Every structure is written in C-alpha cells, then in structure tokens.
Amino acid sequence: MRSKIVAGNWKMNKTYNEMEILLAELSAKVPDTEAEIMVAPTFVNLPRAFKMLESSVIEPIAQNMHFAESGAYTGEVSADMLLGIGIETVILGHSERRSVFGETDEILAKKTIAALEKNLRVVFCFGEELEDRKSGNHFNIVDNQLKDGLFNLRPEVWSNIVLAYEPVWAIGTGETASPEQAQEMHAFIRKTISNEYDDNIAENVSILYGGSVKPGNATEIFSKPDVDGGLIGGASLNTDDFIAIIKAI
C-alpha cells in the first residue's frame, strides 16, 4: 500500500533561529497520523534540523544534491554529504531547479541514479508550464519528463521513489489546479508508469500534488484517489497552516 505523505519545501526561507522556532512549534503540534511528514530546510540548517527531529515523526529532507560523489563543484553537495548528517531523502527536479538553474531531464536522470545508488529516497518533481496547459500539451510534457528522467531505472528501485506533480503555473501564483485537474493528471501519471513497467509499480508509487496547497483546499485535493499527499511550499512555513494541511491528509 502506497504511503500518504505531506512534505514541506522551505526553499530559501528561515534563518537558523527562525527554523528552530518553526520546528519546535511543528513538533509540539503535529497530530497523530499514519501519513509521513517531511520538511526540507536549507542546507546550512539541515544538521540542526536532524538533531531537533531525532525523536519526532517529522523527517528532515534535502532540497537538492549533485550527481557527482565529490570534485570541483563549488556550492554543491553530494549524496554522501547528506547521508553523513543523517539525511535519507532528497527532492530532485523541483520546477525552480529546472527553470531558474537550468536543470535538464538528462541532469536530473543522473542525479536520480546517483541518489538511488546511495539508497537515498528521491522525491522527483515534474510538471508543465502555463503555456503547455493552455496549448493542451501538458500530458505530452509530463510524459516526456517521466520517460527522460526516470524510465531508465530498474524496476526494483521504484520502491525508493516518490513522485511530485507540480503544475508550474500553480506554484507561488495563488492559482491551484482544481481537484479534478489534479486527479486527471495523477491518473495519467499512474497509467504511464503502468505502461512502461507494470501495474504493481504504478499502484504502489506515491504521487504528491505540488501547487499552492492550502488549508482551504487540501481536504478536497487529498480526497482524490490518485493524490497521495502534497509537496507544500509557502503554507509549510506557517505552523498553523502546515498542521491544518497535515490534518487534511
């Protein structure tokens, strides 16, 4: 049975002290739930986050990593560096990494392989831009991102993959795909994986929705049969909002 997951991507937000306050509040208020709860602080705060959350149900995860084990890659971190501070899950392919930092499907395929070879769990992000949605090309875009980024992988490693569908036009814009649009795409993703691999992999991979999930829309979005949780941006930076979203799952 696939996991229900609520993951907060904090991006480049929260200083060290601000993070400590937020983690303390979340740890005190997080409800009993069968869902997995994750937060992704900035790299410099990860060691402290790991220490603070050692006895919590909340898992600290990384926002990114490089595909190389070491070398002349100024500003980057490797899988071994994440593992060395206790981190076991990494987000790869976030829309901002693709659009702002120019990460291609080829680069993300290399990063994913590197992470999986070290037994890191991967939250793999993908999704269409607004012009793709308007032109009706959104299914083709998602299909290509999956094939180019993930379909070179051996079937057995899919147990260490979580998918996060991000309609880019609904990230940080206040716009949100309707629950029906989210379900339609998640069902398409599952069917695409089934066609490439098999029904077992497709039915057991968790697919998160990542696009302006808020307390007011979380319950309806999460109620859809192929939506297994959310990758939450801005709302995860506010204790009460993030707790409300966790309760919605």
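The values are calculated or read from the model by the stated rules, or taken from the named source; none is laboratory data. What you see is a predicted model, and the numbers here were worked out from it, not measured in a lab. Because the Cβ atoms are built from the backbone with ideal geometry, glycine has one as well, and the counts that use them run over all protein chains shown.
Output the residues belonging to the stretch 72-82 that are surrounded by fewer than 14 Cβ atoms within 10 Å (Cβ to Cβ) and not polar (S, T, N, Q). Walk me through it before giving the result.
Of all residues in the stretch 72-82, those surrounded by fewer than 14 Cβ atoms within 10 Å (Cβ to Cβ) come to 72-75, 80.
Across the stretch 72-82, the qualifying residues are Ala72, Tyr73, Gly75, Asp80.
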- Task: Could you look through the stretch 88-103, keep only residues that are under 12 Å from the mean Cα position of the chain (by Cα) and not in a strand (DSSP E or B), and pick out the one that is modelled with the lowest pLDDT?
- Result: Ser95
- Query: Just one of the numbered conditions (1) under 22 Å from Asp132 (Cβ atoms); (2) in contact with a Phe, Trp or Tyr (Cβ under 9 Å, 6 or more places away or on another chain); (3) aliphatic (A, V, I, L, M); (4) not in a loop (DSSP other than H, G, I, E, B) is not true of Ile201; which one?
  - Reply: (1)
- Task: Hey, can you tell me all the residues within the stretch 1-27 that are under 26 Å from Ile221 (Cβ atoms) and small (Gly, Ala, Ser)?
- Result: Ser3, Ala7, Gly8, Ser27
- For Ile193, which of the numbered conditions (1) surrounded by fewer than 21 Cβ atoms within 10 Å (Cβ to Cβ); (2) within 18 Å of Val123 (Cβ to Cβ) fails to hold? (1)
- Query: What is the number of the single condition among (1) of a type outside the set (S, T, N, Q); (2) crowded, with 17+ Cβ neighbours inside 10 Å; (3) closer than 23 Å to Val168 by Cβ that Ile243 does not meet?
  - Reply: (3)
- Within the stretch 161-168, is there a residue that is under 14 Å from the mean Cα position of the chain (by Cα), part of a helix (DSSP H, G or I) and over 26 Å from Gly86 (Cα atoms)? yes
- Message: What's the total number of residues in the stretch 105-137 that are at pLDDT 95 or above and either assigned to a helix (DSSP H, G or I) or more than 15 Å from the chain's Cα centre (by Cα) (or both)?
- Response: 15
